[in-house]
Amino acid sequence: MTNPVANEDQFAAEAEVRAMWDEAATRAARDHCAQLWRVGHGSDVPLEVEPHFDDAMDAWMSNYLFKAAARDPVRPRFVRNFMPGHRWNGAAVPDARMGGDNPDNCYRLAGIAHGGRYRITGKVINACPAHISFTLVENWGTSITTQTVEIPGIDVGDDGGFAITIDDQPAAGRRNHMTTNPRVKFLFVRDSMMDWERETPLILAIERIDAPAVSPMSFEQRLEEALRRAREEVPLYYWFFRLSAGHAINSMPPPLRTASVGGLVTQASSLGRLHLEDDQAVIIRFDPAGAAYNSLQLAMWWYRSVDAHRLQSGLSATQAAPGGDGLITTVVSARDPGIANWVQTDGLRDLLPMIRWQGLPDRVQGGGPVHWLDIVPFDQVDAHLPDDIARLSREERLAQIDARRGAWSRRINS
């Protein structure tokens, strides 16, 4: 395959982000954001995550710099964001994970302005991602949503091609159309991939098709806004963090529909909080519920994903081995329990798990979005697992992790 993200717009945006990091104002804003996060967390920070704080703050700032690179609504371009640090195109790309990022997603943003007319063209190549959403958002934190269209749901041609129009007028019968309001800032795209070995992000392009009355935003204008928004939105994302960390330890309440808290309109999520000692494990079972996309992922205390590109720190419904009852049974632990659906903690005791169901059907399937959580002694895990649970030898585990890393590399480098 040819990686659809490996394009000149993306490479230029990454070069801009590196240049933004060279600015003294960026370093000052990063340090101010770190101070704000410190004040918010106070004395409740687990000692084990202290060494990760500076990396998390760097990633926080990088995320907003990538948004700055995408911000210009006069000359819009799609820019990938929320990725772990990596190298490609001969250069380093900084880590930009934050806010409970989902490693199954390819996140892209493009600047949009009310009054502008835009055309997005896209094409499915190889296997289509399990679920794709296009959302107009009103803030840099992408939590205030105006409108969402999704695949499945929009018209796609037999060749995999499609177009979406965006302007300030109602659809009035137009298919694949989105309507802006005066507060819109970005078009936010999520390609949610359950099968890393086959599914590929869409080919996407955006053009402004009217004649804008204003000039393109300068590098300085976009950077200044990014640094301001990064400071302003620490409270917003601390609130998102508390959606998980505010729960009782070793609990995971029932799913909630996320439209009311800044998530997708067809999504439900279960957010929890874990503290596992080395001699403990948590068994999490969940029903895929007919969702187009479904997964369990772990985030660390600073609300960024555990390294899914090198560990099995999460499983999609496709990556997991299902049970005979149609449920997915996973074991979250530091040590290998010998089952296929092991979710690795990377040695972290304090974790924030999230189960996502996206593209839920109109009619409830199975038990609907539901899950069960049990904390058990590690040496008693087998007694709590179904008889048909898929098991792996040490050699099979190494092959499983190696295949996972290869599938991730395909997403980045192919």
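The values are calculated or read from the model by the stated rules, or taken from the named source; none is laboratory data. Bear in mind that the values here come from a model prediction, so they are computed numbers and not experimental data. In this analysis, Cβ positions are derived from the backbone assuming ideal geometry, glycine residues included, and neighbour counts consider all displayed protein chains.
Details
- From the list Ala383, Ala340, the one residue that fits, being surrounded by fewer than 17 Cβ atoms within 10 Å (Cβ to Cβ) and among the hydrophobic types (A, V, I, L, M, F, W, C), is Ala383.
- Residues within segment 160-218 that are of a type in the set (Phe, Trp, Tyr) and part of a loop (DSSP other than H, G, I, E, B), tallied: 1
- Just one of the listed residues (Ala25, Ala13) is over 22 Å from the mean Cα position of the chain (by Cα), at pLDDT 95 or above and of a type in the set (A, V, I, L, M, F, W, C), and it is Ala25.
- Test: residue in segment 20-40 that is among the aliphatic types (A, V, I, L, M), assigned to a loop (DSSP other than H, G, I, E, B) and not assigned by TED's automatic domain parsing to the domain that holds Arg310: no
- Per-region count, segment 345-365, residues under 18 Å from the mean Cα position of the chain (by Cα) and farther than 16 Å from Asn294 by Cβ: 2
- Breaking point among (1) outside any loop (DSSP other than H, G, I, E, B); (2) in contact (Cβ under 8 Å) with a residue 40 or more places away in the chain, for Pro129: (1)
- None of Arg77, Arg87 is in contact (Cβ under 8 Å) with a residue 60 or more places away in the chain and either farther than 30 Å from Asp168 by Cα or not in a helix (DSSP H, G or I) (or both) except Arg77.
- Of all residues in segment 269-287, those that are surrounded by fewer than 22 Cβ atoms within 10 Å (Cβ to Cβ) and either among the aromatic types (Phe, Trp, Tyr) or assigned to a loop (DSSP other than H, G, I, E, B) (or both) total 4.
- Yes/no for Cys128 being over 25 Å from Asn63 (Cα atoms) and either buried (at least 18 other Cβ atoms within 10 Å of the Cβ) or modelled with pLDDT under 95 (or both): yes
- Selected residue (only one of Thr329, Thr318 is modelled with pLDDT of 95 or more and part of a loop (DSSP other than H, G, I, E, B)): Thr318
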